[in-house]
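This report concerns only the one structure given below.
The values are calculated or read from the model by the stated rules, or taken from the named source; none is laboratory data. Note that the coordinates shown come from a computational prediction; the quantities given were computed from them, not determined experimentally. Positions of Cβ are generated from backbone atoms using ideal geometry, with glycine treated the same way; all protein chains shown enter the neighbour counts.
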Amino acid sequence: MARRVALYAGSFDPLTNGHLDILSRARRLADSVVMAILENDAKEEPLFTVEERIEMIREIVGDDPAIPIRSFSGLLVDFAREVEATLIVRGLRAVSDYEYELQMALMNRRLAPGVETVFLMAKEEYSYVSSRLVKEVARLKGDVTGLVPNSVRLRLQKRF
Ligand code: ADP
């Protein structure tokens, strides 16, 4: 049987427990889950470099051959083809995520009909956690314990 590869892409700036929750759910759907950091992110200036973000993910997931960690630029569907992924995994938090995600999923389907987008919901306790909010709280010296892995929390402390 063909190995099922899923692609879980994002900015992961930084990795949160919400991301890890989605990752563990995606692991149940696929033989391997490629964690991919978007290099040409149109969002705001990143806090951590792509290399730092890869390091942070590696510190947590280790060198698991079932979870390759990559970075990419360009179209998500092109990268999906490159890694032979047939699933694109996205996390859904609130309804506010839905509209943008729907547009992306339909556009990606048009560009690559063979790749299916699947949406997963993280645990309720992470449903409000975003990298952006975590950075904001950490910048203002708030406690982000429990929202991000400890190693990420320490890096945030150092950065601010
Ligand atoms: P963020 O929006 O936190 O900056 P990313 O751009 O790195 O995150 O997001 C990558 C993917 O992970 C997206 O599909 C996003 O919806 C999902 N995601 C991020 N945080 C969570 C969470 N707390 N619960 C569910 N999905 C999440």
Scan segment 115-126 and tell me whether some residue there is surrounded by 14 or more Cβ atoms within 10 Å (Cβ to Cβ), within 17 Å of residue 48 (Cα to Cα) and either at pLDDT 95 or above or in contact with a Phe, Trp or Tyr (Cβ under 6 Å, 6 or more places away or on another chain) (or both). no
Residue pairs qualifying under the 6 Å Cβ cut-off, at least six apart or on distinct chains, with the first in segment 4-22 being in contact (Cβ under 8 Å) with a residue 60 or more places away in the chain and the second being of a type in the set (Val, Ile, Thr) and within 6 Å of the ligand (Cβ to nearest atom), are 16/129; 18/129
Which one is farthest from the chain's Cα centre (by Cα), of the residues in segment 127-148 that are surrounded by 19 or more Cβ atoms within 10 Å (Cβ to Cβ) and either modelled with pLDDT under 95 or within 28 Å of residue 5 (Cα to Cα) (or both)? 147
Looking at this structure, is residue 140 of a type in the set (A, V, I, L, M, F, W, C) and closer than 13 Å to residue 15 by Cβ? no
Restricted to segment 116-151, and to residues that are touching a residue at least 60 places away in the same chain (Cβ under 8 Å) and more than 12 Å from the ligand (Cβ to nearest atom), which residue is farthest from residue 26 (Cα to Cα)? 151
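Looking at 59, 45, which is the one that is modelled with pLDDT of 95 or more, exposed (fewer than 15 other Cβ atoms within 10 Å of the Cβ) and acidic (Asp, Glu)? Don't jump to the end; show me each part of the working.
On the way: 45 fails: modelled with pLDDT of 95 or more.
From the options 59, 45, the qualifying one is 59.
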Could you please give the count of residues in segment 14-40 that are surrounded by fewer than 18 Cβ atoms within 10 Å (Cβ to Cβ) and assigned to a loop (DSSP other than H, G, I, E, B)? 5
Can you list the strands (runs of 3 or more DSSP E) lying wholly within segment 66-129 that have 2 or more residues being aliphatic (A, V, I, L, M) and in contact with a Leu (Cβ under 7 Å, 6 or more places away or on another chain)? 87-92, 116-121
When you go through (1) under 10 Å from the mean Cα position of the chain (by Cα); (2) more than 9 Å from the ligand (Cβ to nearest atom) one by one for residue 51, which number turns out not to apply? (1)
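Among the candidates 159, 153, single out the residue that is of a type in the set (D, E, K, R) and surrounded by 15 or more Cβ atoms within 10 Å (Cβ to Cβ).
Details: 159 fails: surrounded by 15 or more Cβ atoms within 10 Å (Cβ to Cβ).
Testing whether each residue is of a type in the set (D, E, K, R) and surrounded by 15 or more Cβ atoms within 10 Å (Cβ to Cβ) leaves just 153.
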